[in-house]
1. Quick one: pull the percentage of alpha-carbon pairs in region 118-168 with a separation above 14 Å.
2. Scattering from the C-alpha atoms of region 137-198 alone, worked out with Debye: what is log10 I(q)/I(0) at q = 0.26, 0.27 1/Å?
3. Between Thr100 and residues 5 or more places away or on another chain, which pairs have amide H atoms under 5 Å apart, with H built 1.01 Å from N, and which residues are they?
4. Mind putting together the pair-distance distribution for region 102-215? All Cα pairs, 5 Å bins, whole percent per bin, short to long.
5. Over the Cα atoms of region 46-105, compute the convex hull volume and normalise it per residue, giving Å³.
6. Note down the net charge around Arg135, summing +1 for each Lys or Arg and -1 for each Asp or Glu among other residues with Cβ under 14 Å from its Cβ.
7. Apply the Karplus parameterisation 6.51 cos²θ - 1.76 cosθ + 1.60, with θ equal to phi minus 60°, to every residue of region 206-218 and state each ³J(HN,Hα) to the nearest whole Hz, in sequence, with x for glycine and proline.
8. For region 40-46, in order, what is each residue's ³J(HN,Hα) by Karplus, 6.51 cos²θ - 1.76 cosθ + 1.60 with θ = phi - 60°, in whole Hz (x at glycine and Pro)?
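Laboratory data are not the source of any read-out in this text; all were calculated from the coordinates shown. What you see is a predicted model; the values in this text were computed from it and never measured. Don't worry about glycine lacking a Cβ; one is built from the backbone with ideal geometry, like all the others, and counts go over all protein chains shown.
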Amino acid sequence: MIQTDDAAKRALLLLLFFAVPWAIPACAQKLGSQTGNEATFLETKVPEFEVHNQTLVDGLWKLARGPAPFGFGFEKVLKAKLSDPDVSEPSLNLQLKNKTVREILDALCQADTRYAWSMDGATVDLFPRVVVNDRAYLLNRKLARFELKNATDIQNGLLAIARQLPPPIEQIAQAQAGGDDPYPPEPWTVTFENLTVRQVVNRLAAHGGPCAVWIFGGAKDFRAFGFFNTYLCSKRPPAWAPKLVEPGGKPR
């Protein structure tokens, strides 16, 4: 079930997602990356890419805003308890020239072997390698059929996931800062079949706008998603979303 009424946990999650400078473990070798018409950006060459004493997610944000913008999902290593200390994150240093987006993703993942990346349509997913074969891990769980009716907010989709997953009941929350990211005002009704929760979340995020980004984190006893719509894949934001929403909820 979605739990968003616990003020203390919510405040801590906001701190985790937005006050800490994007603390996330780095990554490993790519897993099962797919290419196709939607993922041609992977072969785009980036003239210069640098990260200096920055985390993996810092590098990922920078790459996603480069010559070939793309959307991504990032799954933090979950703490055992929300009250536990934050996971220590390594600082990465890379200086690459004339490399493709694919090669840079590989390089980021070679900088720390805890993470892997894969493609789902046009979305890049980064996740801890330790969860790859864990069927009980929330994002790996399968939905034989997922139905969404008249959705006008991303939380409608998260509620539907929690309600339609078979037992055990899952706790999911949405972390917010500076108000919700805009979502198309027209009610959205859609049905997906045989997708993982990760794939469904990718589609929920993408419906909010081009190059949408989501981050999953928190702890095993309290997990939450943060969503950001950058609109970098389009020349201008949709009419229903005139402002570009930056990480941390700052419009520009």
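1. The calculated P(r) of region 118-168 puts 64 percent of pairs beyond 14 Å.
2. With no solvent term, the Cα-only Debye profile gives -1.19, -1.22.
3. Correct list: Val46.
4. 2, 10, 20, 21, 21, 13, 9, 4, 0
5. It is 88 Å³ per residue.
6. Computed value for this residue: +1.
7. Result, ordered by residue: 5, 5, x, x, x, 6, 5, 10, 9, 10, 10, x, x Hz.
8. Each residue of region 40-46 in turn: 5, 4, 4, 8, 6, 8, 9 Hz.
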